[in-house]
Amino acid sequence: MKVFVQSVNFNADPELIMFVETKISTLEKYYDKIVDTEVFLKVQQTSEKENKVVEVKINISGGEFVVKKTGKTFEAGTALAVDSLKRQLRKHKEKQRARHV
């Protein structure tokens, strides 16, 4: 699975990019037909502490899943997004199994 990481309005640290790629690559355990993944890391210009936005778009055969999470750090936002995507991929896989039974 290919993982594309893009940072918007800032330069991402290589360690952050590696962290995001390893977290996202764990999703292959839950659904093996993932084509590719796009991750957008953004910093919102607000006075709030939770101004880091992580947006993940997963392309699968026959559709896509998009999750947008906000947190104090990109690591926290990525973890929240991955947890949400795990649930969505499990649900999608169960629906497919139910149709083919």
Exercise for the section: Go through the residues of the stretch 8-15 one by one and say whether even a single one is surrounded by 13 or more Cβ atoms within 10 Å (Cβ to Cβ) and farther than 13 Å from residue 82 by Cα. Expected result: yes
Practice task
Count, please, the residues in the stretch 1-30 that happen to be of a type in the set (A, V, I, L, M, F, W, C) and part of a helix (DSSP H, G or I).
Solution key: 7
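Would you tally the residues in the stretch 66-76 being within 16 Å of residue 37 (Cα to Cα) and at pLDDT below 95? So that I can check it myself, show each step before the final result.
Initial filter on the stretch 66-76 (within 16 Å of residue 37 (Cα to Cα)): 66-69.
Next, only the ones that are at pLDDT below 95 stay: none.
Going through the stretch 66-76 one residue at a time, the tally reaches 0.
Quick test for you: out of 56, 35, 39, pick the one residue that is in contact with a strand residue (DSSP E or B) (Cβ under 6 Å, 6 or more places away or on another chain), under 15 Å from residue 4 (Cα atoms) and modelled with pLDDT under 95.
Numbers: 56 fails: modelled with pLDDT under 95; 39 fails: modelled with pLDDT under 95.
Only one candidate passes the filter, namely 35.
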Fill in the blank from the handout: Among (1) farther than 17 Å from residue 10 by Cβ; (2) free of Cβ contacts under 8 Å to residues at least 12 places away in the same chain; (3) exposed (fewer than 11 other Cβ atoms within 10 Å of the Cβ), residue 61 falls short only on (2)
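The values are calculated or read from the model by the stated rules, or taken from the named source; none is laboratory data. Computed from a prediction, not measured in an experiment: that's the story for all the values here. All Cβ positions, glycine included, derive from the backbone under ideal geometry; neighbour counts span all protein chains shown.
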